Protein chains: 2
Amino acid sequence: MWYRPLVAVAAAAPFAPVLSKRELKCDGFWSKKSSGAGCPTAKPVKPVSPVPSDIDVAQSVTPVLVKEVFAGAFGLKDQDILSYGPYKGKINLDLWEKLKGKPNGHYVVVCGINPTPLGEGKSTTTVGVSQALGAFLGQKVLTNIRQPSMGPTFGIKGGAAGGGYAQCFPMEDFNLHMTGDIHAITAAHNLFAAAIDTRYYHENSSSAKFIWSRLCPADKSGKRQFEPSMYARLEKLGLSHKKHDPNLLTEEEIEKFCVLDIDPNTITWKRVTDCNDKYLRKVEVGLSGSEFSKKKNEQLKRTTSYGITVSSEIMAILALATDLKDLRARLGKMICCYSRKGEPITADDFGITGALAVLMMEALPPNTMQTLEGTPALVHAGPFANIAHGNSSIISDLIGLKLVGKDGYVLTEAGFGSDMGGEKFFNIKCYYSGLKPDCAVIVCSVRALKLHSCEAPKIVAGQAPAKEYREENLDLVEKGCANLIAHIQNVRKHGVQAVVAINRFSTDSEAELALVKKIAEENGAFAAVVAEHHAKGGAGAVDLGRAVMKACEAPSNFKFLYDAKKDAIKTKILKVVQEVYGGADVKYSEKAEAALARYEADPAISCLPICMSKTQYSLSDDPKKLGAPKGFTITVQDMYVSAGAGFIVVSLGDITFMPGLPIKPAYYKIDLDFNHTPPRVVGLS
Amino acid sequence: MWYRPLVAVAAAAPFAPVLSKRELKCDGFWSKKSSGAGCPTAKPVKPVSPVPSDIDVAQSVTPVLVKEVFAGAFGLKDQDILSYGPYKGKINLDLWEKLKGKPNGHYVVVCGINPTPLGEGKSTTTVGVSQALGAFLGQKVLTNIRQPSMGPTFGIKGGAAGGGYAQCFPMEDFNLHMTGDIHAITAAHNLFAAAIDTRYYHENSSSAKFIWSRLCPADKSGKRQFEPSMYARLEKLGLSHKKHDPNLLTEEEIEKFCVLDIDPNTITWKRVTDCNDKYLRKVEVGLSGSEFSKKKNEQLKRTTSYGITVSSEIMAILALATDLKDLRARLGKMICCYSRKGEPITADDFGITGALAVLMMEALPPNTMQTLEGTPALVHAGPFANIAHGNSSIISDLIGLKLVGKDGYVLTEAGFGSDMGGEKFFNIKCYYSGLKPDCAVIVCSVRALKLHSCEAPKIVAGQAPAKEYREENLDLVEKGCANLIAHIQNVRKHGVQAVVAINRFSTDSEAELALVKKIAEENGAFAAVVAEHHAKGGAGAVDLGRAVMKACEAPSNFKFLYDAKKDAIKTKILKVVQEVYGGADVKYSEKAEAALARYEADPAISCLPICMSKTQYSLSDDPKKLGAPKGFTITVQDMYVSAGAGFIVVSLGDITFMPGLPIKPAYYKIDLDFNHTPPRVVGLS
């Protein structure tokens, strides 16, 4: 009664291009590029029209054992992948030792215009282009995407595995627990939260002397020992030279060592849950009798909140860490609160860094999966792009670029528009990885561009789009292209080639598609190509795939938008606002100014890149301003530092860290179908 | 940079008994029983004295690929186990179809006397006997133990993989995330919690008509459709005949269908976290603006609490479900609260059962691991025995008894004493599985029995035990045996043979050990045997293993203590109190009486077995009453029903559902050692 029959490798046909050899060789460039078989397990889908539901499509295709996919594409051996069941696994990081000297392949980031309720198909395009390259154009290719949060899966949005005939699958594996990485983050994050509150309690109900007797108990002979996890705090206090004998500490030093002196009003470390639970947006904790301090004659309660797990700084760290040692070091630097004297208190001060690293250890290797057409995918880390940096992991890209080899392609998705996940891909992810992208794909659709015209009717949830979206309207398309142009220019400002993917919908007219293509190519796009992978799989994205390949051959001159180390924090923010958002100026709330002064004074913080937390729906900080607004002033409401992840979060408004459930959440449709043998999952989307 | 080198099968020696053939054949019984090789991957440990720390012992032994362990022991094929990395995996439940007609092996439960701070070594003995049977006595054997909560791992207690040279390992896999089963419970439990609060919010801020328009929206032609997940509620309301057309419902029926009418004061469904977080014992949720109801002009906040994940009813369900369909059915029956009219509201009423089942689907197959001596182990489910039923999963035992075959042995551990996990093993777990145990092992130690004399000095945390525990004192031992006798009698009352395992400590004298043996055997034990598996591995438990084998051949006449279906709830409680605890009578609080009246009136509830929630430290409800107290009256403080798990919880006092962190939690010692290649985990215990 396992839930999916195990499939022998034989079920997967060898590489089987649907394009004729002549077609592949019609141009010298292609014959040069498509010399090797891309992916031996590749097998084109057989599309049905109209396209069935995503889960029906996914369940109509027989997956290959994931080890076979990676063995076929990259020659990986059995021990290079640790299977987690038949269709998901983890890269054995030992592999890095073998790969690290090898050349990198082409690095392609996929982002979009500002998203609309109509959906542009960004994940779908990331997967579709991969399927085209791997299953039709004979290229070594790897899709690197984010692991979705389970909150939206059971809430409103559904999963994020792509759609139609361009999906990463099996969906049950992709959208549910995967290999437990997000759960590991929840566990590590909440252990730290428990440690903070409990330490606050102990410090306010016990004497420093008593805490000392517990932290460094004396044995019969009076000898004491520090745990190695305490060395970091000793170093911070300038007491490293005494680390081999706690008895050398003076009474004052003991007090300093034992009492973190947490200011409860400065605790920014929330708790997290991977669930849309709006009741946890604001909570009061510590209300039981066990949190009453007799010493202070006070209930040591506190108002705090929960965020969704993907908003955790630990998620950002997982996405940015380059190896296990780097992961541990970043975890130790996380600031959770400040002392009453205003000094930052970090995980290292709690002696908890090692435990957090141990909890995160197995989450570090990227997860191996496959696309519907049997090409390989890595699914790893899933920070949201509106509250965090919105990109899959550096480690996936580092490994992936070696795996595909010099002539191969890694496609990696950046969340939301080029102003959000895109900008952060360039200035945060590439800043820490040292990798240089060759090309950015900007996904748009005719319908979405019409909405960006600011003249088309609003989209109302649960209602069919107005006729403007279903009938040809070149005027709306042209006006809406202002948004697309802004995104092309953003990509070009980073020195990267931009390929526009026009995701075709059945209501689009040829003239509308041609107009978008023309405008895009006139405004700096290397190419703009209509794609139909949702309906046709990789076969529908062959032209787009070719354009991406050509763009990767074109000169690229990647550069950061700002100099993280030298620019003042305000300068970095202004550059993003003016050059990426098209705004004029930046105002700061009093709270933001105060934080800024503190951060600007600390060279370990002022040197960090910035991570803007703003609405994804507009280039501005107002979700209603569609198209390409100009001349606006944005307001920085708050700032905080993710010192472990290594960026300063600049909050432009109330972006919720915790989604809610609607009256009819997605869970109403999700079930097991016992009429099917073995039982199968229904209702995932 | 994987964290443990992958080991070829060749590293494991074939079955290598350290006992000579003559020794094995010294008695007709043994030669009959030890005809087949028990476990080809078995390989005796080479003990070092003094015994190093648990993690050092565990890391000194090279594990075998877990697939090889199960292939060797039971002939399992590659597809029968789904690997989760090299050393843990999951049984493919398809296997059940092949196994179900086969005969069961011998079924041995391991429990203890009432636990003391000195530790008796119950998990250690469960593993030690398995190692003896599998690696030294040539038997087919399987160890079935619980997955530990990560709360205590990072809090006080440490893990629960056994100890010394009798462990289930690798410890990093065992004590950390394993394959994510506990995380799946957290996710499912908290999704349900979010659904309850959010539904309460929606019902108090929207009209029934609006909710209807969302739950069953009309399409353009006015047609509506129920989701299959809504059928259960329709059936409850007597509206099943209208399930194919929502438009048939009258306005009153629509109101009934849409409005669960949750009484917020009756919500017993907490949230959970797998972390010792005392600040969550009592919390207030729903404090943000998004929980303000304009309709009611009221902040819809609520005081609630968190329990540790293993206390979740979903954990109990995982442990008791016999297959996926049963799992789903039990989830649907979980009662989370009552309507204002006093009707129970279940997961089925929320249309969330299918989603919960999908979240739990991959947690249902048991996890495969191994002991230090290469014998197979299943690790699955981990309810605490003081707040839940305290046993590993039924599904592990069902599969295990088939795997070991007619002549083989399954050793399964029940939490705490025979009064706690033991009683619940007999009257809850066996009640639902239909399995009959052949033998119970009761673990004790001389030191712990001395404490049960009630005359030995107290044990103070952090201080060495007093001299009474280190020097021979036959008087204290004899008095303390009163506790052991009570446990032997409890097992015998269930018609099961009792074998006493006297876990040897270096301070025990031969006379003390002999005295315990004599008293135990005079008081109904089939045998009482000194064991030294902690120091010697299976070789130290060969005599104990032989005693267990002989006991399994002796007549067994398993019976329940009470008739769950016919006895009144108070009768069931009185029987447990008088016959297992040795008490005289039971008092009920007003609250308990009220709940009892409600449950007694509902035949679907009154027929359930009972699950006592009481201190593990005493046979009574007072943790200070050691030994074998008599004539006491216990007080039932509260009762609640776990209708999905299928038992009535009888709470005898404030047992915390959420442990806390001490001043120096275990996490201070846990870290990664980067001086080792690959980096290794240190500090787990």
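The values are calculated or read from the model by the stated rules, or taken from the named source; none is laboratory data. Remember, predicted model here, so these are calculated numbers, not experimental data. Neighbour counts are summed over all protein chains in view; Cβ atoms, including those assigned to glycine, are modelled from backbone coordinates with ideal geometry. Surface accessibility is based on the protein's heavy atoms, side chains included, excluding ligands, DNA and RNA. Shrake-Rupley method; radii C 1.70, N 1.55, O 1.52, S 1.80 Å.
Just how far, in whole angstrom, is segment B:57-106 from segment A:397-447 if you go by their alpha carbon centroids?
Comparing the Cα centres of segment A:397-447 and segment B:57-106, I get a distance of 41 Å.
What does a probe at residue A:51 reach in segment A:494-536, counting residues whose amide N is under 12 Å from the point 7 Å along Cα→Cβ?
The answer is A:503-507, A:531-536, whose backbone nitrogens lie closer than 12 Å to the label point.
Taking the Cα centre of segment B:92-174 as origin, sum charge times position over the Cβ atoms of Lys and Arg (+1) and Asp and Glu (-1), and report the length of that vector in debye to the nearest 20.
Working: 7 positive and 5 negative charges, 52 e Å.
Once rounded to the nearest 20, the dipole reads 240 debye.
So what is the relative contact order of chain B, in percent, for Cα pairs below 8 Å that sit 6 or more residues apart? Intermediate values should be presented prior to the final figure.
Values: 1548 pairs, mean separation 135.6, N = 685.
Computed over chain B, the figure is 20 percent.
Compare A:207, B:60, B:396 by solvent-accessible area with a 1.4 Å probe and give them largest first, with all protein chains kept in place.
Largest to smallest exposure gives the sequence B:60, A:207, B:396.
With only alpha-carbon atoms counted, please give the Rg and Dmax of chain B, in Å.
Just the Cα atoms of chain B yield Rg and Dmax of 26.1, 89 Å.
To check you understand DSSP bridge types, tell me what percent of the beta bridges within segment A:531-685 (both residues inside) are antiparallel, rounded to 5. Mind dumping the intermediate values first?
Numbers: 8 of 16 bridges.
In segment A:531-685, DSSP labels about 50 percent of beta bridges as antiparallel.
Mind checking Rg over Rh on segment A:182-357, alpha carbons, Kirkwood formula for Rh? Display every interim value, and only then the final one.
Details: Rg = 17.1 Å, Rh = 17.4 Å.
Reported Rg/Rh (Cα atoms, Kirkwood Rh): 0.99.
When a/c is below 1.5 the answer is rounded, else prolate if a/b is larger than b/c, else oblate, so apply that to segment A:339-391 with a ≥ b ≥ c taken from the square roots of the Cα gyration tensor eigenvalues. Write out the running numbers ahead of the final one.
On the way: a/c = 7.64, a/b = 2.11, b/c = 3.62.
Judged from the Cα gyration tensor, segment A:339-391 comes out oblate (a/c at least 1.5, b/c at or above a/b).
Within segment A:641-685, which residues have the backbone N less than 14 Å from the label spot 7 Å out from residue A:589 along Cα→beta-carbon, could you tell me?
A:650-657
Sort A:266, B:412 by heavy-atom solvent-accessible area, probe 1.4 angstrom, most to least. Walk me through the numbers on the way to the answer.
Values: A:266 35, B:412 0 Å².
Accessible-area ranking of A:266, B:412, largest first: A:266, B:412.
Peptide A:294-307: average number of partner chain Cβ atoms within 10 Å per residue?
Working: counts 0, 0, 0, 0, 0, 0, 1, 4, 1, 2, 3, 2, 2, 0.
Mean shielding by partner chains, rounded to a whole number: 1.
How large is the charge dipole for chain B, taken about the Cα centre, if only the Cβ atoms of Lys, Arg (+1) and Asp, Glu (-1) carry charge, to the nearest 20 debye?
Values: 81 positive and 72 negative charges, 129 e Å.
My answer is approximately 620 debye.
Can you show me the helix-derived [θ] at 222 nm for chain B, built from DSSP H runs with n ≥ 4 at -39,500 (n - 2.57) apiece and divided by the number of residues, rounded to the nearest 500.
-8500 deg cm²/dmol
Pairs A:518/A:559; B:278/B:341; A:295/B:669: which are spaced more than 31 Å apart, C-alpha to C-alpha? Can you show the working numbers first?
Numbers: A:518/A:559 27 Å; B:278/B:341 34 Å; A:295/B:669 29 Å.
Distance filter (> 31 Å) returns B:278/B:341.
Once the dipole of chain B is set up with Lys and Arg at +1 and Asp and Glu at -1 on Cβ about the Cα centre, which of B:376, B:394, B:351 lies farthest towards its positive end?
Among B:376, B:394, B:351, the one farthest towards the positive end of the dipole of chain B is B:351.
From the alpha carbon gyration tensor of segment A:569-651, can you work out the equivalent ellipsoid semi-axes (sqrt of 5 times each eigenvalue) and give them in Å, largest to smallest? All intermediate terms of the calculation are to be shown ahead of the outcome.
Working: eigenvalues 108, 29, 24 Å².
They are 23, 12, 11 Å, listed from largest to smallest.
When the Cα centres of segment B:649-685 and segment A:197-225 are compared, how far apart do they sit, in Å?
Cα centres, segment B:649-685 to segment A:197-225: 18 Å.
Counting only the backbone N, which residues of segment B:495-516 are under 18 Å from the spot 7 Å out from the Cα of residue B:474 toward its beta-carbon?
The answer is B:508-516.
Of A:402/A:550; B:256/B:325; B:46/B:67; B:450/B:572; B:333/B:566, which ones are farther than 26 Å apart at the Cα? Mind dumping the intermediate values first?
Details: A:402/A:550 20 Å; B:256/B:325 28 Å; B:46/B:67 24 Å; B:450/B:572 32 Å; B:333/B:566 22 Å.
Beyond 26 Å between Cα atoms: B:256/B:325; B:450/B:572.
Pop out a list of residues from segment A:643-685 that are at least 30 Å² less accessible with all the protein chains around than in their chain alone; 1.4 Å probe, no ligands or nucleic acids counted.
SASA drop of 30 Å² or more in segment A:643-685: A:661, A:663, A:664, A:667, A:668, A:670, A:671, A:672, A:674.
May I ask you to report, in nm to one decimal and beginning with the shortest, the distances from residue A:292 to the same position in the other copies, taking label points 7 Å along Cα-to-Cβ?
3.2
Go through segment B:639-656 residue by residue and turn each phi into a ³J(HN,Hα) via Karplus (6.51, -1.76, 1.60, θ = phi - 60°); whole Hz please, and just put x for glycine and proline.
Each residue of segment B:639-656 in turn: 9, 8, 9, 9, 5, x, 5, x, 8, 9, 7, 10, 9, 9, x, 6, 8, 6 Hz.
What gaps in nm, shortest first, separate residue B:521 from its twins in the other copies when you place the label 7 Å past Cα toward the beta carbon?
Taking the point 7 Å beyond Cα along Cα→Cβ, the inter-copy spacings are 9.6 nm.
Please provide three numbers in whole Å: the alpha-carbon extents of the protein assembly as shown along the principal axes, with the largest listed first.
Projected onto its principal axes, the Cα set of the protein assembly as shown covers 97, 79, 68 Å.
Assuming a ≥ b ≥ c are the square roots of the Cα gyration tensor eigenvalues, decide whether segment A:175-220 counts as rounded (a/c under 1.5), prolate (otherwise, with a/b larger than b/c) or oblate.
Numbers: a/c = 8.08, a/b = 2.54, b/c = 3.18.
Oblate is the answer for segment A:175-220, as a/c is 1.5 or above yet b/c matches or exceeds a/b.
Once R0 is set to 60 Å, what does the formula 1/(1 + (r/R0)^6) return for the Cβ-Cβ distance between residue B:521 and residue A:406, expressed as a FRET efficiency to the nearest 0.05?
Between residue B:521 and residue A:406 the formula returns 0.20.
Could you size up the charge dipole of segment A:275-364 around its Cα centre, putting +1 on the beta carbon of Lys and Arg and -1 on that of Asp and Glu, and report it in debye to the nearest 20?
On the way: 14 positive and 11 negative charges, 97 e Å.
Dipole about the Cα centre, nearest 20: 460 debye.
What average count of beta carbons from other chains do you get within 10 Å of the Cβ of residues in B:183-191?
Numbers: counts 8, 4, 0, 7, 11, 2, 1, 6, 13.
Per-residue shielding by partner chains comes out at 6.
By how many nm would the segment from residue A:543 to residue A:231 grow when fully extended, if each residue of separation counts as 0.36 nm and the alpha-carbon distance is taken off? The partial results should precede the final answer.
Values: separation 312, 0.36 × 312 = 112.32 nm, distance 5.77 nm.
The residue A:543-residue A:231 span can extend by a further 106.6 nm.
How far is residue B:558 from itself in the other copies, in nm, if each label sits 7 Å out from Cα along the Cα-Cβ line, shortest first?
For residue B:558, the other copies' label points sit at 6.3 nm, shortest first.
What's the FRET efficiency of residue B:554 with residue B:598 using the Cβ-Cβ distance as r and R₀ = 45 Å, to the nearest 0.05? Can you show the working numbers first?
Details: r = 44 Å, r/R0 = 0.98.
For R0 = 45 Å, the calculated efficiency reads 0.55.
Pulled fully out, how much extra length does the chain show between residue B:674 and residue B:326, if you take 0.36 nm times their separation in residues and subtract their Cα-Cα distance?
Numbers: separation 348, 0.36 × 348 = 125.28 nm, distance 4.61 nm.
Length difference between fully extended and current span is 120.7 nm.
Residues of B:145-154, mean number of Cβ from any other protein chain within 10 Å of their own Cβ, rounded to a whole number?
Working: counts 0, 0, 0, 0, 0, 3, 3, 0, 4, 10.
Per residue, the number of nearby Cβ atoms from other chains is 2 on average.
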